[in-house]
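Undergrad: Let me give you the structure first, and then I'll get to my questions.
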Amino acid sequence: MLNLINIETFYGNIRALKGISLCVNQGEIVALIGANGAGKTTTLMSISGIVPISCGQILFEGKPIENMNPEDIVAAGISQVPEGRRIFPQLSVIENMEMGSFLRKDHQGIKNDLEYIFELFPILSKRKHQAGGTLSGGEQQMLAISRAMMAKPRLLLLDEPSLGLSPIMTKQIFQIIKKINTEHNTTIFLVEQNAYMALQLSHRGYVMENGTITMTDEASKLLTDENVKKAYLGI
Ligand code: ATP
């Protein structure tokens, strides 16, 4: 579904991605793990077209997307849930969600997706007229996922969904991510600092260090790999 072929991304003179190749197959949850500054967020930003790549190719469902602008990439079927949620604090919950569907014209489809999302996150239904900025961290993460889902993506990019959340809330969010993958047939590419939880949830994983991919395998194998255990799982 998604193929990154030897991509490089720069911030000025800083070569943040040094020739990354990876793929995500339809139906999978794939985790990208690594230390701070490894280049995980830059990888997602490059896929979304927010940060331009300087070389390589990004194929989505076989078509090159590396020269497309971000809104066309959303329209093509890829949505990103950014690190730190980035919800619109002054807008209500429902208005935040509607921002996710602004490119869509299928009114009945939008209505159905809203209903589905309120089933997934009943707390958001209760708070639909409350300002986004007054929600708790976990609720804001739910809202950021909902907003991305309202674009009806076939591929959902999630950047650090557990950031700043309690272990209980993280568990709840991860269960919902699994549900979105299995019940809503949405493929997921997940960037996470919490490598243990991310690999438990995922089918496959990639390890990133200093702008390069250093390891890839089935998630269950990475979870028992001695190097991964030592460097990223704290065991
Ligand atoms: P974190 O988990 O801390 O978010 P990360 O793995 O997502 O880390 P990136 O945020 O992609 O890493 O950063 C990769 C490299 O690019 C780092 O060296 C970082 O300092 C640099 N970088 C990221 N954003 C910018 C920017 N806007 N301008 C300049 N350098 C940047």
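The values are calculated or read from the model by the stated rules, or taken from the named source; none is laboratory data. If you're wondering where the values come from, they're calculated on a predicted model, not measured in any experiment. Positions of Cβ are generated from backbone atoms using ideal geometry, with glycine treated the same way; all protein chains shown enter the neighbour counts. These accessible areas exclude ligands, DNA and RNA; they are computed on the full protein's heavy atoms, side chains included. Shrake-Rupley method; radii C 1.70, N 1.55, O 1.52, S 1.80 Å.
Undergrad: Evaluate the relative contact order of the chain (contact order divided by residue number), counting alpha-carbon pairs under 8 angstrom at least 6 apart; express in whole percent.
TA: Reported relative contact order: 28 percent.
Undergrad: Counting pairs of alpha carbon atoms under 8 Å apart in space and at least six apart in sequence, what relative contact order in percent does region 83-222 give?
TA: After rounding, I find 23 percent.
Undergrad: Where the centroid of each part is defined by its Cα atoms, how far is region 164-216 from region 127-152 in Å?
TA: A separation of 19 Å, based on Cα centres.
Undergrad: Can you tell me the accessible area per residue over the chain, all protein chains present, probe 1.4 angstrom, in square angstrom?
TA: Solvent-accessible surface per residue comes out at 47 Å².
Undergrad: Short version: ³J(HN,Hα) in whole Hz for each residue of region 221-229, in order, from phi by Karplus 6.51 cos²θ - 1.76 cosθ + 1.60 (θ = phi - 60°), x for Gly and Pro, what are they?
TA: With coefficients 6.51, -1.76 and 1.60, one gets 6, 5, 5, 10, 6, 4, 5, 5, 4 Hz.
Undergrad: Ok, one more. Keeping the other protein chains in place, figure out the carbon and sulfur percent of the accessible area of the chain, with a 1.4 Å probe.
TA: Ligands and nucleic acids excluded, carbon and sulfur give 52 percent.
Undergrad: At what distance in nm do the modelled label points of residue 98 and residue 179 sit from each other, each positioned 7 Å from its Cα along Cα→Cβ?
TA: 2.5 nm
Undergrad: Residue by residue, what Karplus-based ³J(HN,Hα) values in Hz, rounded to whole numbers, does region 203-212 have, using 6.51, -1.76 and 1.60 with θ = phi - 60° and x for Gly and Pro?
TA: Along region 203-212, the couplings run 7, 9, x, 10, 10, 10, 9, 6, x, 9 Hz.
Undergrad: So if I place +1 on the C-beta of Lys and Arg and -1 on the C-beta of Asp and Glu, and nothing else carries charge, what would the dipole magnitude of the chain be about its Cα centre? I want it in debye, nearest 20.
TA: 320 debye
Undergrad: For residue 209 and residue 106 in one chain, what is 0.36 nm times their gap in residues minus the Cα-Cα distance, to one decimal in nm?
TA: 32.9 nm
Undergrad: Pull up the DSSP beta bridges for the chain and report the antiparallel fraction as a percent, rounded to 5.
TA: Of those bridges, close to 55 percent are antiparallel.
Undergrad: State the number of lysine pairs found in region 87-235 whose Cα atoms come within less than 25 Å, restricting to pairs 8 or more positions apart or on distinct chains.
TA: 27
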